[in-house]
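The values are calculated or read from the model by the stated rules, or taken from the named source; none is laboratory data. Quick caveat, the model's predicted, so the values are computed rather than measured. Every residue, glycine as well, gets a Cβ built from its backbone with ideal geometry; the counts of neighbours run over all protein chains shown. Just so you know, the surface numbers come from the protein's heavy atoms only, side chains and all, with ligands and any DNA or RNA stripped out. Shrake-Rupley method; radii C 1.70, N 1.55, O 1.52, S 1.80 Å.
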Amino acid sequence: MMDHSEAETPNIAYKTFTFEDNNENTQESLSVSIPEVLDPHYGMYVWPCAVVLAQYLWSQRQELRDKTVLELGAGVSLPGVVAARCGAKVILSDNAEKPLCLENCRRSCAANGLHDISVLPLTWGEVSPELTQLPQLDIILGSDVFYEPRDFEDVLLTIAYLLRKNPRAQFWTTYQERSADWSIEVLLNRWKMSCVDVDLETFDADKSELAGSSLPGNHSIDMMIITLETGDLGL
């Protein structure tokens, strides 16, 4: 039988990430606290892609204010928490079959004093009531959602659905190069979406250390923005 006391009191470690802007005219910073559950479940850790995506959100903080943002596969929710702290209206989501990940989304919100964020069960590739009832979105986030090639089509099916409901929205995503065979070009063409690569140097993310952590390290992280093809914007 499951040890309920153990399930209710996981071993948690809190990591602090501090994003800074030290330009001549501004000296701004933002610190967020992210709980990691010391468990083999990969959704319970901050991964390098999340720090890079969060750095991009920090660089776009003026644009984020009052925008409605959905994070897919949020896990520990670093990007979503940063977006919320920058003034966005954020919805966090993760696999409906992973309640522990959903609970950790809530834990991340609580750790940062965020009490008005919705946490929803959304499984990639499934058109669920939670998916169809989402409000109008401006930005969709996905950190390392292109991890398992077998999931790529389900991820893009969900993105395509959301972009068709929100034709002016954008999907901001970071991914780690793990294989020379990594490619979503065919799937993007199938779903009539296009992507633009974002150079990490343009938002000061081309470093082995970001936000006070060495998580990016020497990993090869890339970022891209996916949108509907121009001809589909009228649909």
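Remark: pairs (first residue in region 155-171, on the phi > 0 side of the Ramachandran plot; second residue of a type in the set (A, V, I, L, M, F, W, C) and part of a strand (DSSP E or B); Cβ separation under 7 Å; 6+ apart in sequence or on different chains) are absent. Among (1) in contact (Cβ under 8 Å) with a residue 24 or more places away in the chain; (2) more than 17 Å from Ala50 (Cβ to Cβ), where does Gly75 come up short? The one condition Gly75 does not meet is (2).
Tell me, please, whether a residue that is over 29 Å from Leu131 (Cβ atoms), charged (D, E, K, R) and at pLDDT 95 or above can be found in region 177-200. Yes, that holds for at least one residue. Note on region 27-48: among residues that are open to solvent by less than 50 Å² (accessible area, probe 1.4 Å) and out of contact with any Leu (no Cβ under 9 Å at 6 or more places or on another chain), the one that is modelled with the lowest pLDDT is Glu36. The set of residues in region 160-219 that are closer than 18 Å to Asp21 by Cβ and assigned to a helix (DSSP H, G or I) comprises Leu200, Glu201, Thr202, Phe203.
Residues that are buried (at least 22 other Cβ atoms within 10 Å of the Cβ), among the polar types (S, T, N, Q) and over 19 Å from Ala83 (Cα atoms) within region 115-174 comprise just one, Thr158.
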